[in-house]
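These notes are about the structure you will find just below.
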2 protein chains.
Amino acid sequence: MPKLWSETIDAHRRTVRDAILEAGWALVTERGLMSVTMTQIAAKAGIGRATLYKYFPDVEAILAAQHERHVAAHLGELTVLREQPGAAGQRLKAVLERYALICYHRGRHGTEELGALLHRGEHVARAEQQLTALFGELLVEAAATGELRDDVPADELASYCLHALAAAGGLPTEEAVDRLVSITLAGLGLSDSAT
Amino acid sequence: MPKLWSETIDAHRRTVRDAILEAGWALVTERGLMSVTMTQIAAKAGIGRATLYKYFPDVEAILAAQHERHVAAHLGELTVLREQPGAAGQRLKAVLERYALICYHRGRHGTEELGALLHRGEHVARAEQQLTALFGELLVEAAATGELRDDVPADELASYCLHALAAAGGLPTEEAVDRLVSITLAGLGLSDSAT
């Protein structure tokens, strides 16, 4: 097959796949996990049922793929922030602020049951490892320049950040999220105003 | 029915119930959730299958009840610590240390799938509310005596504690748990040595 033609097919497959993911997510957040069928998702995505089944075996697989796409996008955002110029402490603060906002918005969409379903997935464990590694590298850098406490290993500090900031999912306002970030930074010995 | 006799029946029922819970928990942690049957639980608890079904409809219900019993015991322990004599900051520290150890030990027993199953339960949401309230009251007391930061509402600080200390579930040693508690207290503005 000529290269250009295979690229066109790839692009087409990605477009269909994206349409399926959007449709599945929209229907499930609107109606709840249990009441959404493959037929409804196919209709909303504008494709036939047979085509849908060539892409995904069931509703759970669609949601897991959509969630994985979200997670990858968030990791991308955080990686960009980490690689900005500036002091390590400043970049750490930017990364943690963004992560807290991600948790805050995540707490706002989706249902309880959806969360329980998705957070059992293997890709979530992988994403947590990637986040911990991303935080950990910045923490090592910041500790090396004396910007934070050096009495606790970086991987423990990273895990603390990951868990503490997850509290943002239950907070009522973005102001409360800012306060959570400020408390979390204080735990690291990284003062809020120093950055 | 005379009172003493009905007390005897109640005590008997509690004994049977406890034996079922212990048997179910032991089998599931040993063999995994999917491979344990009601018949095996009845045999291990030393009762007949028909009797078992008078107490619980299925394996999940047994595990949920056992988990609920654990949670209630932990809440009891923490309440005792909260009500000790002493400064609020000191009692807060004792409660948070104990809670971190509970999370640490919880991370050590049980399987992933078990955790996912149990943490979807309604009684877990209720337990989290009770924990947040318990932490929150102590935080209000400690803030009133000037022992910690007063720029963040107590319920937000309580939620921060609950989430940050949950990191103990993935830590390798009790020393790491101590460090986590010390970081978390620093976030509250409650110094480790002050207490």
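Just so it is clear, none of the values below were taken in a lab; they were calculated from the coordinates. Given the structure is predicted, the values throughout are model-derived calculations rather than measurements. Methodologically, a virtual Cβ is constructed for each residue, glycine included, from the backbone with ideal geometry; neighbour enumeration extends over all protein chains shown.
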| request: Note down the nm distance, to one decimal, between modelled labels 7 Å out along Cα→Cβ at A:Q129 and at B:V124. | output: 2.2 nm
| task | List the residues of region B:59-98 whose backbone N lies under 18 Å from a point placed 7 Å from the Cα of B:K44 along the Cα-to-Cβ direction. | result | B:59-70
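Counting only C-alpha contacts under 8 Å and six or more residues apart, can you give the relative contact order of chain B as a whole percent? Numbers along the way, then the final one.
Working: 174 pairs, mean separation 39.7, N = 195.
Relative contact order of chain B: 20 percent.
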| Given labels modelled 7 Å from the Cα in the Cβ direction, how far is it in nm from B:R31 to B:D151? | 5.7 nm
| said: Just checking the output field for A:148-155: average partner chain Cβ neighbours within 10 Å of each residue's Cβ? | reply: 2
| message | How would chain A be classified by its alpha-carbon gyration tensor: rounded, prolate or oblate, with rounded meaning a/c under 1.5 and the a/b versus b/c comparison settling the rest? | response | prolate
| task | Identify the GluC sites (Glu not before Pro) of region B:1-84 meeting these criteria: DSSP loop state and at most 12 other C-beta atoms within 10 Å of the C-beta. | result | B:E83
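Per the helix-only calculation at 222 nm, which mean residue ellipticity applies to chain A, given -39500 (n - 2.57) for every DSSP H run of n ≥ 4 and division by its residues, nearest 500 deg cm²/dmol? If you can, show how the numbers build up before the last one.
Values: 9 runs with 145 residues, N = 195.
So the helix-based figure for chain A works out to -24500 deg cm²/dmol.
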| said: Rounded, prolate or oblate, given the Cα gyration tensor of region B:1-58, with a/c below 1.5 counting as rounded? | reply: prolate
| request: In debye, nearest 20, what is the charge dipole magnitude of region A:63-195 about its Cα centre with +1 on Lys and Arg Cβ and -1 on Asp and Glu Cβ, if you could check? | output: 280 debye
| task | Would you mind getting me the FRET efficiency between A:K54 and B:H105? Use the beta-carbon distance for r and R0 = 56 Å, nearest 0.05. | result | 0.75
| How would you classify the protein assembly as shown from its alpha-carbon gyration tensor, with a ≥ b ≥ c the square roots of the eigenvalues: rounded for a/c under 1.5, else prolate if a/b is greater than b/c, otherwise oblate? | oblate
| message | Going by amide H atoms built from the backbone, whose H comes under 5 Å of the H on A:L171, apart from near neighbours? | response | none
| field | Net charge dipole size for region B:1-57 [Lys, Arg +1 and Asp, Glu -1 on Cβ; Debye, nearest 20] | value | 160 debye
| query | Pairing the Cα long axis of helix B:88-106 with the longest principal axis of chain B, what angle in degrees results, from 0 to 90 and rounded to the nearest 10? | reply | 40 degrees
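If I stretch the segment between B:A61 and B:V140 completely, what's the gain in nm (0.36 nm per residue apart, minus their alpha carbon distance), one decimal? Walk me through the numbers before you get to the answer.
Values: separation 79, 0.36 × 79 = 28.44 nm, distance 3.71 nm.
Length gained, B:A61 through B:V140: 24.7 nm.
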